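What follows is one structure encoded as structure tokens, with my remarks underneath.
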Amino acid sequence: MVEDAISMKKEELADSLYNPDYNIIVDFQEFETFLNTTTNDSILSFFNFLKVVDIKSKVAFLTKKPHQVVISEILKVLSNDALAIKIEIFSTAEAAMGFIGISMNHFDLIKHKIIDLNKKTT
């Protein structure tokens, strides 16, 4: 998972249209990995990569289970000292979108686009 995230971020950085100040929603609602040595090492590896990238955005973690909240809180604590990223944790997409500055007028449009993308990848 982390290797995929690093690979994706490298591809984004190579794109001339990429803006490191874009705000992000990370949907952890289907994330089932629990904390263990491998997960901890992967999280630290990802944060070490992000320090180099110097991203200055807001990140909203969308969660629905306790272990997802715990992992999100760990990421939030790690980011406070090391990164210019502001992380918050939410249980609804509406609240997450509000935090990163997406108006509710655009919520339905984005929701339908995400549904369409999910259909194409399954």
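The values are calculated or read from the model by the stated rules, or taken from the named source; none is laboratory data. All values reported here derive from a predicted model rather than from experimental measurement. Reconstructed Cβ throughout: ideal geometry from the backbone, glycine too, with neighbour counts over all protein chains shown.
One table, with the values for the structure above:
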read-out	value
The range 67-106 - residue that is assigned to a helix (DSSP H, G or I), free of Cβ contacts under 8 Å to residues at least 40 places away in the same chain and polar (S, T, N, Q) and, of those, nearest to L44 (Cα to Cα)	S79
Residues of the range 70-98 satisfying the condition of being of a type in the set (A, V, I, L, M, F, W, C) and farther than 24 Å from I110 by Cα	V70, I71, I74, L75, V77, L78, A82, L83, A84
For A5: the one exception among (1) closer than 20 Å to E88 by Cα; (2) among the small types (G, A, S); (3) at pLDDT 70 or above	(3)
Among the residues listed as K120, K65, the single one being at pLDDT 85 or above, among the basic types (K, R) and surrounded by fewer than 16 Cβ atoms within 10 Å (Cβ to Cβ)	K65
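Rundown of residues vs (1) of a type in the set (V, I, T); (2) modelled with pLDDT under 80; (3) over 19 Å from I100 (Cβ atoms), yes/no style:
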site	(1), (2), (3)
I25	yes, no, no
L35	no, yes, yes
T38	yes, yes, yes
L50	no, yes, no
